[in-house]
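Here is the structure we will look at, set down as structure tokens.
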Amino acid sequence: MSSFNQIQTACGALGYFDGKTYLKDDDCEDALRILLRCLKYENERKDARVQMLDSKIIENDLIPILIHLNSKHDLKIVHHALKLLVNLTKPPLVCFDGKLPKDVALTNVYLNIEAHLQKTKTSLANEKLFTFLVDKVQPVLDKDWLDRSDDDDFIVHAVFILVRNILSIKSERQISEESDINAHDLVLWSIHKSNMENLILYCGNKAQGDERIMNILEIVVLMLREQSAEELACTGEQQTKNKRQKNNETLDLLYEREVAEKQQLNKLTTGRSAFGGATYVMCNAKGIGENQLICHRPLQNLNAMEFDREKRRSRRPKHRAPVKNDLDDSQHHHSALGIRLFLREFCLAFLDNCYNILMPRAREMIVKSTCLLSDETNFFWAVRFFTEFNRHAHSSIDRISETLQMSTFHLLHTKMDHYREMIKIDKPEAKLWAKRLQIGFAAFKQYILCVKSMLASTDELVTRAATIIKNNIFYMQEYREQIYQLLRDFDNTKMSSIYLHDLVESTHEFLKLLEEHTNKLKHVFVQRRRTARKPTTKKSSKKKKVPVDEITEPPNEQLEEEWQNQVSEQLSRLLQGLDEPTVNKTDICPFDALSDVPVDDQSITAVARIQHALRTNKIDEAIALFRASREVWPTEKTFGYEDIGAEEEFNLLREIFMTTKMESLLPKNADEDDENDEDEHDNEEAGGEHEEDDQECMHTVEREEEFDFKKFIMRFAHSSILSAYIDVLRTYKSNTPYLNHCLIRMLYRITIDCNYPGILFQMSLFRILQKFHLDPMAKSQQFSELSQFGTWLLRKFFQAAQKNPYIYAELLFWKDRSIVEEMLEGYRQPTREDGGETKTKAAAWSVEHQIELRDLFRKIKDEQTENLGRDKTDIVDQIMLELTDKTKSRRQIIKELKNQDLIKSTRELKLKKAPSRRSKKKDFLNDSNHFGSDSDAPNIDEDHNDEEEEEEKDDRSISSKSSVSAQHDEKSNDSNAKSAKPRAEDSPKLIEKQGEPDDDGDGEESLPVLTKQSRKYDSSTMFNDDDDDDNDDEILSSRPIKKARRQLASSSEDDD
């Protein structure tokens, strides 16, 4: 027989309900067993389950069996029916192993099962059914735990699982629109009428098993999942004047918006042409062809002409589309007044009797990882709901004392970090992890709001407790920077907008508390934890040793401060015997017996170990090493003598502490030496051809530092955080007034308090402000803050645009703080010099400065031509004196003169001399060169010109003067020493220097090769007969140059 026929036969063999009682068939028990077996061995498509739900076995058979068959003979039938009902009401997600099916056919099966259960939920909301369940469980709970049988445990477990399954079914629709009652409300009312709520509270107070604890907590969460904690806490209370005023204001705003939208619609329709949707021709405007431009709608303004109205917008892929909010999260169901009153009383009873008992046990299970991930979610949801409910109900803090424990806050912190990491790691299930992160952060938000309300309390004990919690949160770096990390990691493709709204509001409240805390206490010290990474590479070659001179030593002032604050007090107490040392001198050895260095020579190493122990705050170890070293080296004055006093020991240890350059003398670890030997051995075998294996030695450094609130706010000026805020601001119409206030306040902190208005010069934000100013509700009181901030920001932008016209291109990109400073003050290109220091180039020449430079150059040039030979002032120096921009350097002025084609070379900037004087110099030089011998008279003209070049060029060295004189001497001796001229290929240094470009970058002739070579030594030493070979090697290392020098010296002797 096929499974389909088997299920149909079994369903027909159960019996029937005649309206008053259920008439069972003789084969009722066997039929139930067959149905259970079919569900046990069902296939992937869940055909057996779908067929049973289609036959409506729950409404027609199972519920009547449980209600009407109460005799002892029918006990097995009732147990089988209860088991079958629990299996059929199981959530569809549990049927598919907790994951939504990806196959289309299986997805249809999932939706089919869910639809059947939604239709069945109304039938399950039966008061008699819940009464039967209470009657079954009540006698079992009255028994002692040791006296319960297996059937009793099965009854208790099955009843609570069935209640959980019924509550987990989503409501299909509202039964009555007038009364706002849905199927979930009917289930809650049946629980109230059957007294099931008292049974749940009793089990929550007396829960012993781990499974029972999480079942009770899940039932409570499912009962309250459609309710708002704030609305539930205020149910039954008489509305105050403030609440009535707020409600009236919201109604007035809705009315004003509706009227403004109607007026705007009337403006658009009144100006419509009588021709309707006619086609128009725009005069004096060509289309694509030879015809005139066609427009398909009437235009009142030429600027309203658009060509992209009918274009298809680019669709975003599904994996990059923003996450849509679930209906369960975005909307709360407004139940009837009677149901809300019942739930309010239930919440108060749960807080009084169960909360502080049930929640610690649940937290222990989460810490020990003995529960499911869904149980963690239920725990955080309960923390969030009951904390908010207690705050709005103005109840005592003692009811939620378990939530206010720092252990609970630490659990929230660690779990949120875990969820945040799993979003990045488990990408297929990233949305599910983001949902858990949203629920956990909602609990974090209510924790912060609860602490804020406690600080405003009139009770001193409550205020003191809140102050302690606040100090702990602000002191720890992990707690303090949690919100900043969550904002940085926000991704709208995985996380919902409701989570972002909670994040924005929580950030606002957290920063307000932090600002009040820092203003109240002028100097706030917090913990700062820094993770230092030291990358080490295993290379094929040997490791390089760091020289002693390169080891950075702290300055003496810092050492003196550390000695006074950290070492001296504890050291004096230990030396005087006021405190007992934990390390004795017999427990430590000051020398290394296995070292190759003799023991007598290891005293300096012992001093380095003592200094290291003192500087690392190991005072006990330092004293033990000091006294043990005195016994090993009694003749060393560094360690003192026998029967030395405490004061003298203190002074000796201070001298050791203040000694510098002792870190290099510390002994290395044996493990490191072994690793180095193994690396060297492996490298020798492999020939040094190994790849580099990068490792990171990470260590955490903790210290206390003074907290700067402004610097903390400046960290929020990040593009990822600001883009999330602008995304929320885009929906300003649907946002609550409080959410808009939080957004504007954060932007105000960044732009005005931190003085970074340029970081918000973004096109997306300006488009939002443009649409806002066109909104008819822009002038209302609700959006006054947004209107004022938008106007101020636009004024700042247009002021900056007058100084920097390129700022319009910056609108298209997100900017960092460094780029904003350059954008507002002028672009600067950082360049790194050889020394490693960063210099900044000045801004480009403006048009006004270029015109001014051109006029000054021509004016000074004309003055010098008129006063030829008299005015000896340098042209560039005179320009620098008269130029309005004093930041321009000499090199920049020369470069700009070349760019404007005012000069072609720096030779044009040299002063012209009288022609008669210049001719005498030339005649004298010609006469001296005619004799062909070394003349003592230097080349005056060329030396003078070269000196002027050295004054104009900053990068010329002083040694170039001697090189030029040596060049002319070598020219005069060129006829007698032609063979002594070195070849370019014999000297690599000469080739390298000859290839260097000129400093000015113009087309001047380059210096001879020998001139570059002669810069290495003085011309007077070149002709010295007593030159030593060692000195020559120090001056020049190449043999051809050395040989040339000797030949030049011998030729000079012959001339003499």
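Cys38 meets the conditions (1) open to solvent by 30 Å² or more (accessible area, probe 1.4 Å); (2) at pLDDT 90 or above in every case but one. The failed one is (1).
The set of residues in the stretch 277-305 that are part of a loop (DSSP other than H, G, I, E, B), in contact with a strand residue (DSSP E or B) (Cβ under 9 Å, 6 or more places away or on another chain) and modelled with pLDDT of 75 or more comprises Thr279, Gly287, Asn291. Of the residues Thr873, Thr840, the single one that is over 30 Å from Ser764 (Cβ atoms), hydroxyl-bearing (Ser, Thr, Tyr), modelled with pLDDT under 85 and open to solvent by 70 Å² or more (accessible area, probe 1.4 Å) is Thr840. Do we find that Glu785 is within 14 Å of Tyr732 (Cβ to Cβ), open to solvent by 50 Å² or more (accessible area, probe 1.4 Å) and charged (D, E, K, R) in this structure? Yes: the conditions hold for Glu785. Considering the stretch 229-276, the residues that are at pLDDT 75 or above and outside any helix (DSSP H, G or I) include one that is farthest from His333 (Cα to Cα), namely Gly236. Only one entry of Ile57, Ile7 meets the criterion of being aliphatic (A, V, I, L, M) and closer than 21 Å to Ala125 by Cβ, and that entry is Ile57.
Exactly one residue out of Ser374, Ser335 is of a type in the set (Ser, Thr, Tyr), modelled with pLDDT of 80 or more and over 36 Å from the mean Cα position of the chain (by Cα), and it is Ser335.
The conditions of being under 30 Å from Leu251 (Cα atoms), within 27 Å of the chain's Cα centre (by Cα) and assigned to a helix (DSSP H, G or I) are not met by Leu769. Within the stretch 408-433, which residues are charged (D, E, K, R) and either touching a Ser or Thr at 6+ places or on another chain (Cβ under 6 Å) or closer than 13 Å to Val367 by Cβ (or both)? Within the stretch 408-433, Lys415 is the sole residue that qualifies. The number of residues in the stretch 377-397 being in contact (Cβ under 8 Å) with a residue 12 or more places away in the chain and either assigned by the TED database to the domain that holds Arg340 or open to solvent by 10 Å² or more (accessible area, probe 1.4 Å) (or both) comes to 10.
Cβ-Cβ contacts under 8 Å between residues 6 or more apart (or on different chains), taken from a first residue in the stretch 598-621 that is under 20 Å from Ser572 (Cβ atoms) to a second residue that is open to solvent by 70 Å² or more (accessible area, probe 1.4 Å) and part of a helix (DSSP H, G or I), are listed as Asn617/Gln566; Ile619/Gln570.
A single member of Asp352, Asp308 is at pLDDT 85 or above, open to solvent by 50 Å² or more (accessible area, probe 1.4 Å), of a type in the set (D, E, K, R) and not assigned by the TED database to the domain that holds Ala434, and it is Asp352.
The residue that is least open to solvent (accessible area, probe 1.4 Å), among those in the stretch 689-702 that are at pLDDT 55 or above and under 22 Å from the mean Cα position of the chain (by Cα), is Val701. Which of the residues that make up the stretch 66-82 are of a type in the set (Gly, Ala, Ser) and surrounded by fewer than 16 Cβ atoms within 10 Å (Cβ to Cβ)? Selection gives Ser71 alone.
Contact map, the stretch 486-501: first residue part of a helix (DSSP H, G or I), second residue among the polar types (S, T, N, Q) and open to solvent by 40 Å² or more (accessible area, probe 1.4 Å), Cβ cut-off under 7 Å, separation 6 or more or different chains; pairs are Ser497/Asn325; Ile498/Asn325; Ile498/Ser330.
Taken together, the residues in the stretch 725-782 that are open to solvent by 40 Å² or more (accessible area, probe 1.4 Å), touching a Leu at 6+ places or on another chain (Cβ under 7 Å) and at pLDDT 90 or above amount to 1. Only one entry in Leu111, Leu62, Leu133, Leu117 is out of contact with any strand residue (DSSP E or B) (no Cβ under 9 Å at 6 or more places or on another chain), outside the structural domain of His192 (by the TED database) and in contact (Cβ under 8 Å) with a residue 40 or more places away in the chain, namely Leu117. Residues that are within 11 Å of the chain's Cα centre (by Cα) and open to solvent by 40 Å² or more (accessible area, probe 1.4 Å) were ranked within the stretch 703-721; the one that is nearest to Phe490 (Cα to Cα) is His718.
The values are calculated or read from the model by the stated rules, or taken from the named source; none is laboratory data. No experiment lies behind these values; they were computed from the predicted model shown. FYI the Cβ positions are ideal-geometry reconstructions off the backbone, even for glycines, and counts take in every protein chain you see. The area values use the complete protein model at the heavy-atom level, side chains included, leaving out ligands, DNA and RNA. Shrake-Rupley method; radii C 1.70, N 1.55, O 1.52, S 1.80 Å.
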